[in-house]
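Here the structure is laid out as structure tokens; the discussion comes afterwards.
Since every read-out is calculated from the coordinates, none of them should be taken as a lab result. Everything numeric here is computed off the predicted structure, so don't read it as measured data. Heads up, the Cβs are rebuilt from the backbone with ideal geometry, glycines too, and the neighbour counts pull from every protein chain shown.
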């Protein structure tokens, strides 16, 4: 099931022109979640479009809603917490600045 959900997240992000999508498998490193999904966007309108597409598809196909959301497109960062999956959508420049991937350098990068 998780693989199917991850594929749907990727498909949703790509449908709205999300870039540099990575899946960090943190099951052995974190008790908070199983996967961090990190997606880059060009601007706040695209961040919103990606967020809305992911929310819509996961709700429609799996009846999933985020347990928590933070950030806004205007802040150039949004996070959707689905418990087993945490989706980060960053403005491209902000993602470079924070280098969130480096925080989880020991995680396996999973291709979906």
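Inside the stretch 72-83, can you point out the residues that are within 27 Å of residue 3 (Cβ to Cβ) and in contact with a strand residue (DSSP E or B) (Cβ under 7 Å, 6 or more places away or on another chain)?
In the first step, residues of the stretch 72-83 are kept if they are within 27 Å of residue 3 (Cβ to Cβ); the result is 77-83.
Within the stretch 72-83, 77, 78, 79, 80, 81 meet the criteria.
Would you point out the residue of the stretch 69-93, among those that are assigned to a helix (DSSP H, G or I) and in contact with a helix residue (DSSP H, G or I) (Cβ under 9 Å, 6 or more places away or on another chain), that is surrounded by the most Cβ atoms within 10 Å (Cβ to Cβ)?
73
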Checklist entry - Looking at the stretch 31-63, which of its residues are in a loop (DSSP other than H, G, I, E, B) and either without any contact (Cβ under 8 Å) to a residue 40 or more places away in the chain or touching a strand residue (DSSP E or B) at 6+ places or on another chain (Cβ under 6 Å) (or both)? => result 31, 33, 63
Item to check | Cβ-Cβ under 7 Å pairs, at least 6 apart or on other chains, the stretch 1-27 side on the phi > 0 side of the Ramachandran plot, far side surrounded by fewer than 19 Cβ atoms within 10 Å (Cβ to Cβ) | outcome: none
Checklist entry - What are the residues in the stretch 1-30 that are within 17 Å of residue 48 (Cβ to Cβ), in a helix (DSSP H, G or I) and in contact with a helix residue (DSSP H, G or I) (Cβ under 8 Å, 6 or more places away or on another chain), if any? => result 9, 12, 13, 15
